[in-house]
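One structure is given below, encoded as structure tokens.
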Amino acid sequence: MVALDLDACLEKLYNKQLLADCVLKEICERTKELLMNESNVVQISAPVTVVGDIHGQYYDLIEIFRIGGYCPDTNYLFLGDYVDRGLYSIETISLLTCLKLRYPERVQLVRGNHESRAVTQTYGFYAECLRKYGSANVWKYFTDMFDYLTLSVVIDNSIFCVHGGLSPTIHVLDQIKIIDRFKEIPHEGAMADLVWSDPDPDKEEFAISARGAGYTFGNLVVDRFLHLNNMDHILRAHQLCNAGYQVLFDDKLSTVWSAPNYCYRCGNLASILEVSVTGERFFNVFDAAPENDRVMDPNAAKDNKIEYFL
């Protein structure tokens, strides 16, 4: 067993230094033990700052801490998609995992559709692990750990938080609680829907999604879910928003997007959502961190020959 000094690990990661393979193995093992005890629906209290997709944009994660406050002074809920597409997936997920281990009650990590073996083999994380560590070991440690991430969080019994959206097979929270989540994300079914689905302001009910997984869902679906579960709001990530966020269905659903200038080329803003003790929601909007312009890794960009579609 490797002796683990989490504060030393965090200091390295805040300076964008990679941790050793053996250290990451131990970190992932301990994180699995911690996450194993979490429900599929984790209950938390405000105040909390909610973060959407980050996608390996390490400098923008640091920007989030600059504007939102560092752990443990600020409570954070991260809604998934920590890896892929950006240049620094390893640094990003290593930092978030260490923060979860160091401050387990103040940091919540939800699973996104990119926290998956299949998706990360296509969109960059697997290739980055090979490039930076010379083997797939680190990719395996993290993707095994992803199987343990919770599927949803509820804030003060009133805000349902999930990566993607709703499912036609889920009406009440108890149906989420009985999902066997400790596995690769399936191609279909409730677990897939939670990480893949999207709201559609032009629809009322569920419809087939162009993503090829999950569904789109409309206002009647949202109204029914909130009514049955006695909640006020659905909060999710998963979709690029040029303004950094989007509010739909008469303020019953919000999308928070936290990767500015997505893929270093989209030019979009990003946001984090600050939920106060009284339940008020404030979108703190920000632009790409200046370090992205100064320190781009040309070799990484060159090797990362991925067709980025949104």
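Tabulated data
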quantity: Taking the C-alpha atoms of the chain, convex hull volume expressed per residue in Å³; calculated: 118 Å³
quantity: Sites residue 284 and residue 43, calculated FRET efficiency, Cβ-Cβ separation with R0 25 Å, nearest 0.05; calculated: 0.55
quantity: Alpha-carbon centroid distance for the pair region 105-183 / region 10-65, whole angstrom; calculated: 12 Å
quantity: In sequence order, calculated HN-Hα J values of region 62-67 (Karplus, 6.51, -1.76, 1.60; Hz; x Gly/Pro); calculated: 5, 4, 4, 5, 4, 8
quantity: Under 5 Å, built H, 5+ apart or other chain: amide partners of residue 42; calculated: 152, 153, 154
quantity: Long-range amide H partners of residue 209 with built H, under 5 Å; calculated: 216
quantity: Amide H within-cut-off set for residue 81, under 5 Å, with H built and near neighbours excluded; calculated: 112, 113, 114, 115
quantity: Hz values of 3J(HN,Hα) by residue in region 184-191 - Karplus curve (6.51, -1.76, 1.60), Gly and Pro given as x; calculated: 4, 5, x, 6, 8, x, 4, 5
quantity: Point-to-point label distance, residue 135-residue 178, nm (Cα→Cβ direction, 7 Å offset); calculated: 4.3 nm
quantity: For the chain, with +1 on Lys and Arg beta carbons and -1 on Asp and Glu, the positive-most of 48, 267, 207 along the dipole; calculated: 267
quantity: For region 53-176, alpha-carbon Rg over 2.2 N^0.38 Å; calculated: 1.09
quantity: Under-15-angstrom lysine pairs by C-alpha in the chain, whenever the two are 8 or more apart or on separate chains; calculated: 9
quantity: Whole-Hz couplings from phi, Karplus 6.51/-1.76/1.60, listed for region 194-210; x for Gly and Pro; calculated: 4, 9, 10, 6, 9, x, 10, x, 8, 10, 10, 10, 7, 8, 5, 9, 5
quantity: Of all DSSP beta bridges in the chain, antiparallel share, percent nearest 5; calculated: 50 percent
quantity: Equivalent ellipsoid dimensions for region 147-191 as semi-axes, Å, which come from the Cα gyration tensor, largest first; calculated: 18, 13, 10
quantity: Percent carbon-and-sulfur accessible area, the chain, ignoring ligands, DNA and RNA, probe 1.4 Å; calculated: 50 percent
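The values are calculated or read from the model by the stated rules, or taken from the named source; none is laboratory data. Computed from a predicted structure; not experimentally measured. Reconstructed Cβ throughout: ideal geometry from the backbone, glycine too, with neighbour counts over all protein chains shown. Accessible surface areas use protein heavy atoms only, side chains included; no ligands, DNA or RNA. Shrake-Rupley method; radii C 1.70, N 1.55, O 1.52, S 1.80 Å.
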